[in-house]
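Structure record follows, encoded as structure tokens.
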């Protein structure tokens with residue numbers, strides 16, 4: 001985790017109010033996401049959940065994955081999960097687009113099957129993007 005992008009201060013304070021197990025799990029999952037695509041932008045939100053969103057531009061519409069942190073659990077969300085190949089049946093949810101994998105331990109995401117899904121989501125987002133973004137590898141707080 002060397003050269004790890006620091007957690008934005010707007011996100012750090014509400015994160016520190018969470019259960020330590022969730023915090024540790026989130027930090028490792030975030031590091032994994034940034035290892036897989038270091039040039040990804042990270043958009044931060046605090047609405048119904050404290051959420052970091054990973055996108056290939058600065059736009060939410062170009063996002064490929066997200067990590068929403070709730071009171072007692074977190075998920076690895078796929079913004080266009082219904083369009084991804086999921087031969088192992090990892091993705092859960094009933095929404096029109098979004099699917100998620102419940103995360104309880106690092107082995108829930110640090111494995112070849114999930115890595116393949118993340119890489120597919122990245123490729124799909126790149127192919128689906130209208131135009132390239134101007135921002136690369138930044139953390140952008142949308143927290144007010």
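Some values worked out for this structure:
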item	result
Among the residues listed as 45, 64, 70, 54, the single one being touching a helix residue (DSSP H, G or I) at 6+ places or on another chain (Cβ under 6 Å), under 25 Å from residue 17 (Cα atoms) and at pLDDT 95 or above	54
Residue check, residue 89 at pLDDT 95 or above, assigned to a loop (DSSP other than H, G, I, E, B) and at positive phi	yes
Top-ranked residue of the range 97-108 - restricted to ones that are assigned to a loop (DSSP other than H, G, I, E, B) and either closer than 22 Å to residue 22 by Cα or touching a residue at least 60 places away in the same chain (Cβ under 8 Å) (or both), ranked as nearest to the chain's Cα centre (by Cα)	98
Count of residues meeting criterion [part of a strand (DSSP E or B) and out of contact with any helix residue (DSSP H, G or I) (no Cβ under 6 Å at 6 or more places or on another chain)] in the range 75-86	3
Residue count, the range 109-144 (criterion: free of Cβ contacts under 8 Å to residues at least 24 places away in the same chain and in a helix (DSSP H, G or I))	4
Residues of the range 20-71 satisfying the condition of being without any contact (Cβ under 8 Å) to a residue 60 or more places away in the chain, under 18 Å from residue 109 (Cβ atoms) and loosely packed, with under 14 Cβ neighbours inside 10 Å	21, 24, 31, 35, 70
Failed item in (1) touching a residue at least 24 places away in the same chain (Cβ under 8 Å); (2) assigned to a loop (DSSP other than H, G, I, E, B), with residue 94 passing the rest	(1)
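The values are calculated or read from the model by the stated rules, or taken from the named source; none is laboratory data. Keep in mind the model is a prediction, meaning the values are calculated, not measured. As a convention, Cβ positions derive from the backbone with ideal geometry for all residues, glycine included, and neighbour counts pool all protein chains shown.
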